[in-house]
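One structure below.
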Amino acid sequence: MDTAALLITIIGALNWGLISLFQFDLVAWIGGGQGAVLSRIIYGLVALAGIWCISLLFRDRRPALSE
C-alpha cells in the first residue's frame with residue numbers, strides 16, 4: 001500500500017509540475033477535461049494517496065533489533 005500511495009503521489013506531483021511549467025494538465029488531458037468523471041477519480045486517488053503518505057512521516061523507522 002505504501003508503494004502504491006507513493007507512486008500515485010509522485011504522479012500527482014509531476015502533474016503539478018507540468019501545470020506550473022507548461023500550463024498543461026496531463027490528468028485532464030487523459031481524462032477528458034477537469035470536470036470529467038475519470039479525471040475526478042484520478043484527482044481523488046491522488047488526494048487519498050497524499051493523505052496516506054502523511055502517515056509515512058510518523059512511522060517508526062528504527063530497524064528491529066535481532067537477537
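Bear in mind that the values in this text are calculations on the coordinates, not laboratory data. Values in this document were obtained by computation on a predicted structure and should not be read as measured data. Cβ: placed from backbone, ideal geometry, glycine included. Neighbour counts: every protein chain shown.
Among what's in region 27-59 and is among the hydroxyl-bearing types (Ser, Thr, Tyr) and surrounded by 13 or more Cβ atoms within 10 Å (Cβ to Cβ), pick the residue that is nearest to residue 4 (Cα to Cα).
43
So which residues in region 24-67 are farther than 18 Å from residue 11 by Cβ, aliphatic (A, V, I, L, M) and in a loop (DSSP other than H, G, I, E, B)?
Matches in region 24-67: 64, 65.
Could you identify the single residue in 19, 10 that is surrounded by 10 or more Cβ atoms within 10 Å (Cβ to Cβ), assigned to a helix (DSSP H, G or I) and under 14 Å from the mean Cα position of the chain (by Cα)?
10
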